[in-house]
Amino acid sequence: MSPSKINPAIAIQELLQQNPAHDNDDRLRESTDALRTIAEASKQAAEEKDPAQADAAEWKGKFEQPDKISGGKHDVVHCESAQNLDDQNDSKNQTNEHGMGSNEVLSRGESDSAHRAIQNQMTEKVLFELTWSSKGNDIVSCEMGNIKTAGRTSEQITLTWKSEPQTVLIITKPNSTPVLDLCEDIVSWLYMHKKKIYVEPRVQEELLSISSSFKFVKIWQDDLQKKVDLLITLGGDGTVLWAASLFQGPVPPLVSFSLGSLGFMTPFSRDGYKKQLESIIKCPTRITLRHRLQCQIVGDSAEEENATAKTIFVLNEVTIDRGQSPYLTNLKCYCDGEYVTSVQGDGLILSTTSGSTAYSLAAGGSMVHPQVPGILMTPICPHSLSFRPLILPEHVTIGVEVPAGSRSSAWLSFDGKGRKELKTGDQLICSMAPWPVPTVCLNGSTRDFMCSILEGLNWNLRKTQSSDAPPQPQP
């Protein structure tokens, strides 16, 4: 019976019948307290009907519990105090180490045995801890009416291994002799240090063609994602993007060696790789948390093509363009469900701050430090003089829709690949992914970023003004 249908007077009579006077003193005192509470609730029934009836039903339910039988005697079942109940509720609502409440875990139907199996599997991976150069997270105080901030989560982050990483995955740029030579050297060095080495099938074939002694190198498989301790890339930024796309969840620390044409995310050179790797494996190392976007297509045509079943993660950007259509794109943009604007032009770029030096930069967007949490919204050749790029906070959810009445559909590309059609009525939903890509720094997050734009783009490179200007008059 629901609490709203319980009559307080009937509840009192039932409790009198269930709690005879010959019960022990403790039971009698508890029954008296219960009757007193129900009587007070009955007086308030006219003004607060539902709360009073719920209160009466709660007490009635407590004392309707059957007594436990033990040796022919009745053992009284005591209800727990309100304080104990509150403590239990608090403990149930506390979050675990993964940021998920225990009640949320149980609601997903995980059995104890399955949970233990997951824990055992995770312990196979080498653990580490992260520390910020500032103490704690963002701190905001408003003492005496004055707002003050101290400490930033975006400051330099240091990774410290609790034990040396054991499993290493190496991703290489294809069709490059210098890359294969360095891969051979690094694999040999890691094997001497007793590390488990995984590569792609193509790389294993190339190594075995050099020497049959590379049989110890194993082939990478998707089910090994949670067991990789360290990720090494040999190539350019495209190799880093490919390596990050292999992990649709947490990404291990990534060390990127620059063997490509342009490297904003590849600070390490092949010279002195032994010293660099040894320092990374054995000592605390500075990292940059490069945020990713998680993208999903929703809509009738997307459901028919089963495109909504998969979430796509991008490290640089997702691009919405007109494809081969001769017409302007017509895109409606939403922020947290609220309409913002419409794009009429060649398209739109939704970029991470790591991708701010890629396509977004070429389309007129700003260059942003990769550790700044934000989403860049950059139009592609808009047919408007006032459509300037935006940088939105990381907590927003952006929706891009092809509205009804559009002359053509739009096309999506994720980090420059995986083209998909966005048909009329479909919507692209983008938000910040919970799993960033931790890239190892050479000289620190900020210095690596500044060096990349200075060397890669010749940023603000200009001939120095001559000093032979006419003398200025003295005041």
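Taken together, the values in this text are just the output of simple stated rules run on the coordinates, not laboratory data. Bear in mind the structure is a predicted one, so any value in this text is a computation, not a measurement. Cβ sites come from the backbone with ideal geometry, for glycine too, and all protein chains shown count toward neighbours.
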* How far, in nm, would the chain grow between L461 and T311 when pulled straight, counting 0.36 nm per residue and subtracting the alpha carbon separation? -> 49.9 nm
* **Over region 191-324: Rg over Rh, Cα atoms, Kirkwood Rh** => 1.03
* **Efficiency of FRET from Cβ geometry, M450 and H193, R₀ 35 Å, rounded to 0.05** => 0.60
* Under a point spin-label approximation (7 Å from Cα along Cα-to-Cβ), what is the R270-R419 distance to one decimal in nm? -> 3.4 nm
* **Cut-off 17 Å (backbone N to label point 7 Å along Cα→Cβ of V372), residues of region 439-475** => 445-454, 459-460
* Asked: What is the list of residues in region 220-237 whose amide nitrogen lies under 20 Å from a point 7 angstrom out from the Cα of T177, following Cα to Cβ?
  -> 234-236
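List the GluC sites (Glu not before Pro) within region 288-391 that DSSP assigns to loop and that have no more than 15 neighbouring Cβ atoms inside 10 Å. Please list the in-between numbers first.
Values: sites: E303, E304, E305, E317, E338; in loops: E305.
Counting only loop positions with at most 15 other Cβ atoms within 10 Å, the GluC sites (Glu not before Pro) in region 288-391 are E305.
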* **Paramagnetic label zone (point 7 Å from Cα along Cα-to-C-beta, S212; backbone N under 20 Å) in region 178-197** => 188
* Structure fact -> FRET efficiency (H395, E164; Cβ distance; R0 45 Å; to 0.05) is 0.80
* Obtain the nm distance between the two label points defined at I219 and T341 by a simple spin-label model: each point lies 7 Å from its Cα along the Cα-to-C-beta direction. => 5.0 nm
* region 200-216-region 268-284 distance, computed between alpha-carbon centres (Å) -> 24 Å
* region 313-362 shape via C-alpha gyration tensor axes, a/c threshold 1.5 -> oblate
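If Lys and Arg each add +1 and Asp and Glu each add -1, what is the summed charge of the other residues whose beta carbon sits under 15 Å from the beta carbon of S163?
Once positives and negatives cancel, what remains is +3.
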